[in-house]
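Working notes, beginning with the structure itself.
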Amino acid sequence: MTTVDITGVWRLLFCDTEIKDTGERIPLLGPDPIGFLMLTPGGRMMVVFTAAEMPTPTDEASRADAFRKTVAYSGNYRLENDRWITDVEVSWHPAWKGTEQIRKFEIVGKRLSVVMDWTPSITFDGRVVRSHVGFEKHSEL
């Protein structure tokens, strides 16, 4: 596959966080997260991931927990070599709105592997982390 083949609907296989100082990889949304990534030929992307098992929130604590177990954002994207860069227009996390999210990717067969750049994490008390996300091609658009 070539980078042109990044378009389509991709089903989430895993979403891990790697902690830089220890090398530990943690399944951020649990062992079997669910979600999809859509990348259109016209340059629009949308993504939503969640933990597989999430009870319906009934109070502030359970709503906060659901927020921590969800990733969702959308915007226009462009490709630059082995990276796709999204200009985020809407996001589950307000801090991402108006930012560029840069993702390094590789496609092998029907698998898309994605690695984010190292960054301090609000989830892991400021420790430097990066995410590893895997997808399988679900369908063309």
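The values are calculated or read from the model by the stated rules, or taken from the named source; none is laboratory data. Please read all numbers here as calculations on a predicted model, not as lab measurements. Virtual Cβ from ideal backbone geometry, glycine too; neighbours counted across all protein chains shown. Keep in mind that these areas ignore ligands, DNA and RNA; they rest on the heavy atoms of the full protein, side chains included. Shrake-Rupley method; radii C 1.70, N 1.55, O 1.52, S 1.80 Å.
Applying the Karplus relation 6.51 cos²θ - 1.76 cosθ + 1.60 with θ = phi - 60° to region 105-115 yields 3J(HN,Hα) values of 9, 9, 10, 10, x, 9, 10, 10, 10, 10, 10 Hz, where x marks Gly and Pro. Do you know the relative contact order of region 1-60, to the nearest whole percent, from alpha carbon pairs under 8 angstrom that are 6+ apart? Averaging sequence separation for qualifying contacts and normalising by length gives 30 percent for region 1-60.
When all protein chains stay in place and ligands, DNA and RNA are ignored, the 1.4 Å accessible-area order of TRP96, TRP10, largest first, is TRP96, TRP10.
Springs join every pair of Cα atoms under 10 Å in this Gaussian network model of the chain, and among MET46, MET116, MET54 the largest mean-square fluctuation is at MET54.
Placing R0 at 22 angstrom, the Cβ-Cβ distance between ILE85 and VAL128 gives a FRET efficiency of 0.55 after rounding to 0.05. Within the accessible area of the chain, the carbon and sulfur atoms contribute 55%, probe 1.4 Å, all protein chains present. In the elastic network of the chain, a GNM with C-alpha springs shorter than 10 Å, the most mobile of PHE67, PHE105, PHE49 is PHE67. Taking a ≥ b ≥ c as the square roots of the eigenvalues of the Cα gyration tensor, region 1-60 is classed as oblate, since a/c reaches at least 1.5 and a/b does not exceed b/c.
Heavy-atom accessible area, probed at 1.4 angstrom with all protein chains present, ranks THR56, THR123 as THR56, THR123, highest first. A 1.4 Å probe, protein heavy atoms only, puts the accessible area of LEU13 near 50 Å².
Rolling a 1.4 Å probe across the protein heavy atoms gives the chain an accessible surface of 58 Å² per residue.
Converting phi to 3J(HN,Hα) with the Karplus coefficients 6.51, -1.76 and 1.60 and the offset θ = phi - 60°, region 54-69 yields 9, x, 5, x, 10, 8, 4, 5, 6, 5, 5, 5, 4, 4, 5, 9 Hz in sequence order, with x at every glycine or proline. Accessible surface for THR99 stands near 40 Å², nearest 10, in the context of the full protein assembly shown (1.4 Å probe). Rounded to the nearest 20, the size of the Cβ-charge dipole of the chain about its Cα centre is 240 debye, with Lys and Arg at +1 and Asp and Glu at -1.
For the options VAL47, VAL128, VAL88, a Gaussian network treatment of the chain with springs between C-alpha atoms closer than 10 Å singles out VAL128 as fluctuating the most. Entry note, region 20-141: relative contact order of 16 percent, from Cα contacts under 8 Å with a spacing of 6+ residues. Counting only protein heavy atoms and using a 1.4 Å probe, the accessible area of LYS110 comes to about 130 Å².
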